[in-house]
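A.B. asks: Take this structure, written in structure tokens, and hold onto it; I'll ask about it next.
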Amino acid sequence: MKLNYKIIFHFLGLLLLFNGGFMLLSALISLIYKDGVTLQIFLAGITTLVAGLLAMIFTRNHNKEMNKREGYIVVTFGWIIMSLSGTLPYVFTESITNFTNAFFETMSGYTTTGASILNDIEAVPKGVLFWRSLTHWIGGMGIIVLAIAILPLLGIGGMQLFAAEAPGPSADKLHPRITDTAKRLWLIYFGYTAAETLLLSLAGMSFFDAINHALCTLSTGGFSTKNASVAYWNGQPIIQYIIILFMFLAGTNFVLSYFAFKGKVQKIIHDEEFKLYFKFIAIFTAIAAVIIYFRADVSVSSISHPMVWGEAESAFRHALFQVIAIITTTGFVTADYTLWTPFLVVFFFGLMFLGGSAGSTSGGVKVVRQLILIKNGFLEFKRTLHPNAILPVRYNKRAISGDIVFNILGFFILYMLSFIVGALVFSMFGIEFKSAIGLAASTLGNVGPALGDFGPVNNYSALPLLAQWWASFLMLIGRLELFTVLILLTPFFWRNR
């Protein structure tokens, strides 16, 4: 079957229209704050809109059927096209003059990684900072999921896109129609963003800082409007606790949030992934807090205002914040955790491979995959003793098919191979061991802060230009969960069948 290139380009044009519209919103913010770059951002938006409009006009007479192959192409190339066009506000305003740097920053935004090459964030015009945060927010739930809510207007079904965009081991749907599912997810996403903006404003943040941090929290991104990240508000613990709450929610399956609003609390209580996600955070926070309290000097690792409500509270808050920030791959920082004893450096490095829940905006391997791997591992002991017994892996009291278990095992192996190859390539660029493995884990898991020269209080400006392209590739495959992108690199994918 030949690929329907017209529908692919038609959809890419639609994505450019969305991107251009958000750029115009950023231009409005620039105008309100009079930062001097309104015209440049406006021109970037118009350029993107025109490109999208032309793509849609020239492909308007297309076959409306989309198969799975075309879905994978649209998702992968959609992310690349969004990132390429997303560089325009940086380039037009000369906030980032080097195209490679601009592409890295944009890809880091859309993949919600939060790694930045900017040395002085606070010197960047507000309109550009808002655009930077918007790239997180758009990428958080997926511009693809947003677009499939609009596709019925074009007469195109979106199930193939949803499968490629959210290829997790379960396919919970809130409504039989996929477009209605997308709308409900975006409504929850938007509601959480508005709620966090309001709470942060009431807690003492400026409205501009509040909305930017809300955009970057719900997307589990990590870009901040301050050079010191959230450590800037170490003297206002309530602000950090608000961000902790919404990082936790953003790392939770959004379907559970929907059930919560519908009053179906039992579904949340009995969800195995949520219970393990909560236990992970509680146990790891307790371990980190105890070590920080007895062994680490928070006043040294903190960037400003280390303690407000006492040493015990400070140790607990910093531990809880960093554990959630790394598990959910948000990447905000309140302190330099690489100074919290060698054990905690390795500890936080390990957390980079965990990830939040499936159906959340976080990256990483995801808790449900870890859970099924653990369960299958224990069952292998029983299968060894009882080779003729039928012992299926159960999740939420339901037996899981062997195909799903094999898919998860394959994903985990491919993830670890990608990490190893990623670190090897970084080392080829002359990056030392600790920094190389930190970079590979952080970019592949969409975490943001890494180790060594690219730790939590540093940025990625020292990363060689070629290494930035490699990091961008790792961010992309990590965000789209490996298979969606890597399948495009296989010869059989492109054969006409």
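A.B. asks: Name the single residue that is nearest to the chain's Cα centre (by Cα) among those in the range 343-359 being open to solvent by 20 Å² or more (accessible area, probe 1.4 Å) and more than 25 Å from TYR232 (Cα to Cα). Don't jump to the end; show me each part of the working.
C.D. replies: Residues of the range 343-359 open to solvent by 20 Å² or more (accessible area, probe 1.4 Å): 343, 346-347, 349-350, 353, 359.
Of the ones still in play, those that are also more than 25 Å from TYR232 (Cα to Cα) are 343, 346, 350, 353, 359.
Numbers: PHE343: 26, VAL346: 22, GLY350: 18, PHE353: 13, GLY359: 12 Å.
Per the criteria, the residue is GLY359.
A.B. asks: For a quick check of your reading of the model, give me the residue pairs whose first member lies in the range 240-269 and is farther than 23 Å from LEU198 by Cα, whose second is open to solvent by 40 Å² or more (accessible area, probe 1.4 Å) and β-branched (Val, Ile, Thr), with beta-carbon atoms closer than 9 Å and at least 6 apart or on different chains.
C.D. replies: Correct list of pairs: PHE259/VAL265.
A.B. asks: If we keep just the residues of the range 234-243 that are open to solvent by 10 Å² or more (accessible area, probe 1.4 Å) and not in a loop (DSSP other than H, G, I, E, B), which is farthest from TRP186 (Cα to Cα)?
C.D. replies: Among those residues, the one meeting the criterion is ILE238.
A.B. asks: A further question follows. Of these, ALA389, ALA358, which one is under 23 Å from ILE327 (Cβ atoms) and either in a helix (DSSP H, G or I) or modelled with pLDDT under 90 (or both)?
C.D. replies: Sole residue among the options that is under 23 Å from ILE327 (Cβ atoms) and either in a helix (DSSP H, G or I) or modelled with pLDDT under 90 (or both): ALA358.
A.B. asks: Follow-up question, since we're still on this one. Counting only residues that are closer than 25 Å to GLY478 by Cα and open to solvent by 10 Å² or more (accessible area, probe 1.4 Å), give me the helices (runs of 4 or more DSSP H) lying completely in the range 1-97 with at least 1 of them.
C.D. replies: 5-33, 68-86, 88-93
A.B. asks: Now a separate question. Just checking, how many residues over the range 185-197 are at pLDDT 95 or above and either over 22 Å from SER360 (Cβ atoms) or surrounded by 17 or more Cβ atoms within 10 Å (Cβ to Cβ) (or both)?
C.D. replies: 4
A.B. asks: Which of the helices (runs of 4 or more DSSP H) found entirely inside the range 98-181 contain at least 3 residues meeting this: at pLDDT 90 or above and closer than 13 Å to CYS216 by Cβ?
C.D. replies: 99-110, 126-141
A.B. asks: Let me ask something additional. Residue check: is ARG398 surrounded by fewer than 22 Cβ atoms within 10 Å (Cβ to Cβ) and basic (Lys, Arg)?
C.D. replies: yes
A.B. asks: Taking only pairs six or more apart or across chains, which ones have beta-carbon atoms under 7 Å, a first residue in the range 183-204 that is free of Cβ contacts under 8 Å to residues at least 60 places away in the same chain and among the hydrophobic types (A, V, I, L, M, F, W, C), and a second residue that is part of a helix (DSSP H, G or I) and surrounded by fewer than 19 Cβ atoms within 10 Å (Cβ to Cβ)?
C.D. replies: TRP186/LEU146; ALA203/ILE238
A.B. asks: Then there is this: Within the range 448-469, is there a residue that is of a type in the set (A, V, I, L, M) and farther than 30 Å from LEU118 by Cα?
C.D. replies: The answer is no, given that none of the residues of the range 448-469 is of a type in the set (A, V, I, L, M) and farther than 30 Å from LEU118 by Cα.
A.B. asks: Taking the range 362-376 as the region of interest, how many residues are open to solvent by less than 30 Å² (accessible area, probe 1.4 Å) and either over 19 Å from LEU249 (Cα atoms) or assigned to a helix (DSSP H, G or I) (or both)? Spell out how you get there, then give the answer.
C.D. replies: Pass one, the range 362-376, residues open to solvent by less than 30 Å² (accessible area, probe 1.4 Å): 362-369, 371-372, 376.
Imposing the further condition that a residue be either over 19 Å from LEU249 (Cα atoms) or assigned to a helix (DSSP H, G or I) (or both) reduces the set to 367-369, 371-372, 376.
Qualifying residue count for the region: 6.
A.B. asks: Look through the range 279-297, keep the residues that are under 29 Å from the mean Cα position of the chain (by Cα) and open to solvent by less than 30 Å² (accessible area, probe 1.4 Å), and return whichever of them is nearest to ILE327 (Cα to Cα).
C.D. replies: Taking the candidates together, the pick is ILE281.
The values are calculated or read from the model by the stated rules, or taken from the named source; none is laboratory data. Note that the structure is a prediction, hence the values are computed from the model and not measured. Virtual Cβ from ideal backbone geometry, glycine too; neighbours counted across all protein chains shown. Each accessible area value is taken on the protein alone, full model and side chains, heavy atoms only, with ligands, DNA and RNA left out. Shrake-Rupley method; radii C 1.70, N 1.55, O 1.52, S 1.80 Å.
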